[in-house]
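Participant: Quick one: the structure is below, questions incoming.
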Amino acid sequence: MLQGTHHRRRRGAIILESAIIYPLTFLLILGLVIGAMGVFRYQEVASLAREATRYASVHGSKYQQVTGKPAATATDIHDNVIVPRAVALDPSKLTYSVSWNPDNKPGSTVSVTINYSWVPEAFLPILNLSSTATETMAY
């Protein structure tokens, strides 16, 4: 003769397990999303630094001699490269610096540093993202 299996009732077990697992899963997913947004913003900052350096390296004193247009200044780099390409960043939290060593003639170097104060979306402290790119003046 077969006996039926006896199941104990587990009233509230699913509710208790869900009360523990759901918040942990939510925090994990939220952390992944915010981390991905931080990586994206850092990539934007690094890309801005590279593009600004490239622009500065081909708009030096040789460019001024050949075209008759003035060589690039820090303001030109900001207006022509940083502002148009900073579409995913808040411009009020973006700072930059440009330095030529020793000058803007071919063979010298130009360095562009971009700083961005990112406020994460989950009550985390402000993070300062920074990237510096250096290139030899080519033109």
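The values are calculated or read from the model by the stated rules, or taken from the named source; none is laboratory data. All of these numbers come straight from a predicted model, not from anything done at the bench. As a convention, Cβ positions derive from the backbone with ideal geometry for all residues, glycine included, and neighbour counts pool all protein chains shown.
Every residue, every condition in (1) part of a helix (DSSP H, G or I); (2) small (G, A, S); (3) on the phi > 0 side of the Ramachandran plot, yes or no:
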{"residue": "D76", "(1), (2), (3)": "yes, no, no"}
{"residue": "N80", "(1), (2), (3)": "yes, no, no"}
{"residue": "V83", "(1), (2), (3)": "yes, no, no"}
{"residue": "L89", "(1), (2), (3)": "no, no, no"}
{"residue": "Y96", "(1), (2), (3)": "no, no, no"}
{"residue": "S99", "(1), (2), (3)": "no, yes, no"}
{"residue": "K105", "(1), (2), (3)": "no, no, no"}
{"residue": "V110", "(1), (2), (3)": "no, no, no"}
{"residue": "Y116", "(1), (2), (3)": "no, no, no"}
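Participant: Test A71 against the stated conditions and say whether it is closer than 30 Å to T134 by Cα and either surrounded by 11 or more Cβ atoms within 10 Å (Cβ to Cβ) or at pLDDT below 95 (or both). Let's see the steps before the verdict.
Facilitator: Values: closer than 30 Å to T134 by Cα: yes; either surrounded by 11 or more Cβ atoms within 10 Å (Cβ to Cβ) or at pLDDT below 95 (or both): yes.
In short, yes.
For (1) in contact (Cβ under 8 Å) with a residue 12 or more places away in the chain; (2) under 26 Å from P125 (Cβ atoms); (3) surrounded by 14 or more Cβ atoms within 10 Å (Cβ to Cβ); (4) under 21 Å from the mean Cα position of the chain (by Cα), each residue gets a yes or a no:
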site: E17; (1), (2), (3), (4): no, no, no, no
site: V39; (1), (2), (3), (4): no, yes, no, yes
site: A46; (1), (2), (3), (4): yes, yes, yes, yes
site: H78; (1), (2), (3), (4): yes, no, yes, yes
site: A88; (1), (2), (3), (4): yes, yes, no, yes
site: V98; (1), (2), (3), (4): yes, no, yes, yes
site: V112; (1), (2), (3), (4): yes, no, yes, yes
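Participant: Is region 48-63 home to any residue that is without any contact (Cβ under 8 Å) to a residue 12 or more places away in the chain and either surrounded by 15 or more Cβ atoms within 10 Å (Cβ to Cβ) or out of contact with any Gly (no Cβ under 9 Å at 6 or more places or on another chain) (or both)? Steps first, please.
Facilitator: Going through region 48-63, the residues without any contact (Cβ under 8 Å) to a residue 12 or more places away in the chain turn out to be none.
No, the conditions are met nowhere in region 48-63.
Every residue, every condition in (1) in a helix (DSSP H, G or I); (2) of a type in the set (S, T, N, Q); (3) in contact with an Asp or Glu (Cβ under 6 Å, 6 or more places away or on another chain); (4) modelled with pLDDT of 95 or more, yes or no:
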{"site": "L2", "(1), (2), (3), (4)": "no, no, no, no"}
{"site": "I14", "(1), (2), (3), (4)": "yes, no, no, no"}
{"site": "E17", "(1), (2), (3), (4)": "yes, no, no, no"}
{"site": "I21", "(1), (2), (3), (4)": "yes, no, no, yes"}
{"site": "L24", "(1), (2), (3), (4)": "yes, no, no, yes"}
{"site": "R41", "(1), (2), (3), (4)": "yes, no, no, yes"}
{"site": "A49", "(1), (2), (3), (4)": "yes, no, no, yes"}
{"site": "A52", "(1), (2), (3), (4)": "yes, no, no, yes"}
